[in-house]
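To keep things clear, I will list the structure first and then write my remarks on it.
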Amino acid sequence: MPNHIKENPAETPQSNIFNLPVAELKEMAKKLRRHVITMIATACSGHPGGSLSAADIITALYFKVMRHNPENTQWPDRDRFILSKGHAAPILYAALAESGYFPVEELSTLRKLGSRLQGHTDRNLTPGVEMSAGSLGMGLSYGIGVALTARLDRRDYKTYVLLGDGECDEGQTWEGALSAAHFRMDNLTAIVDCNRIQLTGWTRDIMNLEPLSQKWQAFGWHTIDIDGHDFNQILAAFQEAERIRNKPTVIIAHTIKGKGVSFMENNVKFHGKAPTPAEAEKALKELE
């Protein structure tokens, strides 16, 4: 068991078994980024840019914010994390492995035949995955269903949905936004990984989303803008979301595509391109 996991996690089901301080969260995020580079380079396939931009957000959720237990993946009161931008599966797999859901060594099987780690998340294969993903734009609607279930079952778990800014082009996202506000879903928090780049270019050129915060506000959401790579701001935003009543919260996390690797940062090419062995070696050196 990794040393950042408390002993006997199954004996403390009512609390988060992970509670890393900010300094350790930064180191964990760096470790997860290294996993992403190694996994994708080994598979010769995958999406590094959006995985790296979301690394700090997912690190904060899994190692500080969320209530979850890898010893009991179906614990009814666990918080739920929905990865709507399913192509960023490598960063979620890295967090799940370091959390103890499956061996870290299994990360090397990404996208291989017979692997539990597919290119997009599959809840029927991978321990800890809550939603099967593929087509974009569906995660918020799914998360609303999960959050409504909590209300109907009288359970107090929280639901967190990570969206890409590119998938905010999808109409279903905004239908979901209307529904969540209509049902006053204060147990739901959406996070937009606003890295400004999607598959074929800059979001501003493909479908300009601005003013993004004001759009969510107009749809009835409590809106928080943060630097998505600043752990103090990330944690403060989740704490603020906990205090909001009678409306859902969206955190607009302003991030950098490919964060942490100089030649991947703000580089459209690395949305879905694996690094070469030489590029992977350089990236890993930068992430030491």
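The values are calculated or read from the model by the stated rules, or taken from the named source; none is laboratory data. Because the structure is predicted, anything quoted here is derived from the model rather than measured. Using ideal geometry, Cβ is built from the backbone for each residue, glycine included, and neighbour counts are taken over all protein chains shown.
Values computed for the structure shown
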| item | result |
| --- | --- |
| Test: residue in the range 98-120 that is under 23 Å from E170 (Cα atoms) and either under 15 Å from the mean Cα position of the chain (by Cα) or at pLDDT 95 or above (or both) | yes |
| Checklist (1) at pLDDT 95 or above; (2) surrounded by 20 or more Cβ atoms within 10 Å (Cβ to Cβ) applied to L136, failing item | (1) |
| Within the range 96-116, considering residues that are assigned to a loop (DSSP other than H, G, I, E, B) and in contact (Cβ under 8 Å) with a residue 40 or more places away in the chain, the one surrounded by the most Cβ atoms within 10 Å (Cβ to Cβ) | L110 |
| Residue within the range 185-192 that is closer than 20 Å to N267 by Cα, at pLDDT 95 or above and of a type in the set (A, V, I, L, M, F, W, C) present | yes |
| Residue within the range 119-126 that is of a type in the set (G, A, S), in contact (Cβ under 8 Å) with a residue 24 or more places away in the chain and surrounded by fewer than 17 Cβ atoms within 10 Å (Cβ to Cβ) present | no |
| Test: residue in the range 152-170 that is within 15 Å of I251 (Cα to Cα), hydrophobic (A, V, I, L, M, F, W, C) and in a helix (DSSP H, G or I) | yes |
| Filtered residue count, the range 76-95, keeping only those that are part of a loop (DSSP other than H, G, I, E, B) and either out of contact with any Lys or Arg (no Cβ under 9 Å at 6 or more places or on another chain) or among the basic types (K, R) (or both) | 3 |
